[in-house]
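Written out below as structure tokens is the structure these notes cover.
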Amino acid sequence: MIEVVGIRFKKAGKVYYFDPDGNKFEKGSFAIVETARGVEYGQIVKPNTMVTDEEVFQPLKKVIRPANDNDAKQQEEDAKKEVEAFAICEEKIAKSKLDMKLVDVEITFDHNKYIFYFTSDGRVDFRELVKELASVFRTRIELRQIGVRDEAKMLNGIGICGRPLCCATFLGDFHPVSIKMAKEQNLSLNPTKISGICGRLMCCLKYEEEMYEELNKNLPNEGDIVSTPEGTGEILAINVLMQKVKAAVKKNENDAPTIGYYNVSDIKVIKTKKQKHKANNNDSNNSNKANNNNDNNNSNKANNNNDNNNSNKANNNNDMLDMPLD
């Protein structure tokens, strides 16, 4: 077991582990640490705690020191400088007529690097832009291209639910989201209803996926043939959360079907939709085989009749040739 503290550098950013180096930190306090990007100012989101070796990426870097009031003032000043740097970079991009959209600017705490985040549909040759920015800020310049999900996370916004975006408020990492999740939750597959403002599938589809997977294990599929307390019928619709189904049921074979709602525990699947289609396909194949056999038999009969007719004609012609002339 290793003692660590969890530090976050952005709101809803990823949490990184550091060695507290004998210091005791409280949740919500700040610390100065060294990262791959340089010296950073971060917030403690997980105070001193013990974790297993598997949870930590070695080598584990140490916290340089707890942050003080001067560090907080510098952080505020850097935020103002980032706004100024953003305006300057936008002006340079417009002047160079580059096909890129500037999203955000970050300045490392030690002022050794300015990081500019941008989006673009393709590759951008920004070598001249980097030179111009370096001549203005007199420090290292890094331009980093990001995707549309990262752009939404940085800019924030209001989702179709009326609340701030999950990725910008509490989601530390993006999790894979697939169209299968929307299908399992019986949602409309209209892209405008299941996509976020970034244009990708909404992250919230992942939240209840495990519960829907568990509930769907007990449910039949639409089109399945089931037995109910009132007779045999076909599933028309399914309510996953209430664990109920809507079915067209016949009490007797010759009766007209009636619509009813049944609990999953009260029904039993007789034939699945796949089995029903397979049976229909077999019937269709058998029918086609029978038709093909009939066609072949009729064709053979026709060919035999034609052969007989041709043979009779040839014999008649030969007989006429053999007749004596008067």
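Would you check which residues across the stretch 164-183 are more than 23 Å from Arg8 (Cα to Cα) and open to solvent by 40 Å² or more (accessible area, probe 1.4 Å) and list them? Passing the criteria: Ser178, Ile179, Lys180, Lys183.
Being hydroxyl-bearing (Ser, Thr, Tyr), closer than 25 Å to Phe174 by Cα and open to solvent by less than 40 Å² (accessible area, probe 1.4 Å) is the filter here, so list the residues in the stretch 202-233 that pass it. Residue satisfying the conditions is Tyr212 alone. When restricted to residues that are of a type in the set (S, T, N, Q) and either modelled with pLDDT of 95 or more or surrounded by fewer than 14 Cβ atoms within 10 Å (Cβ to Cβ) (or both), the stretch 97-118 contains 1.
Looking at the stretch 153-180, which of its residues are touching a helix residue (DSSP H, G or I) at 6+ places or on another chain (Cβ under 8 Å) and aromatic (Phe, Trp, Tyr)? The answer is Phe174, and nothing else.
Of all the residues in the stretch 135-155, those that are more than 28 Å from the chain's Cα centre (by Cα) and assigned to a helix (DSSP H, G or I) number 3. Filtered by the rule that a residue be under 16 Å from Phe109 (Cβ atoms) and surrounded by fewer than 18 Cβ atoms within 10 Å (Cβ to Cβ), the stretch 1-20 gives Arg8, Phe9, Lys10, Gly13. Give me a count of the residues in the stretch 79-115 that are touching a strand residue (DSSP E or B) at 6+ places or on another chain (Cβ under 7 Å), of a type in the set (A, V, I, L, M) and outside any helix (DSSP H, G or I). Looking only at that region, the number is 6.
Taking (1) polar (S, T, N, Q); (2) open to solvent by 40 Å² or more (accessible area, probe 1.4 Å); (3) within 28 Å of Tyr114 (Cα to Cα) in turn, Asn23 satisfies each apart from (3). Only one of the numbered conditions (1) of a type outside the set (S, T, N, Q); (2) without any contact (Cβ under 8 Å) to a residue 40 or more places away in the chain; (3) open to solvent by less than 90 Å² (accessible area, probe 1.4 Å); (4) out of contact with any strand residue (DSSP E or B) (no Cβ under 6 Å at 6 or more places or on another chain) is not met by Glu76, and that is (3). Residues in the stretch 137-144 include none that are closer than 27 Å to Cys204 by Cβ, of a type outside the set (Lys, Arg) and in contact (Cβ under 8 Å) with a residue 12 or more places away in the chain.
The values are calculated or read from the model by the stated rules, or taken from the named source; none is laboratory data. Keep in mind the model is a prediction, meaning the values are calculated, not measured. Methodologically, a virtual Cβ is constructed for each residue, glycine included, from the backbone with ideal geometry; neighbour enumeration extends over all protein chains shown. Areas reflect the complete protein model, heavy atoms only, side chains present, ligands, DNA and RNA absent. Shrake-Rupley method; radii C 1.70, N 1.55, O 1.52, S 1.80 Å.
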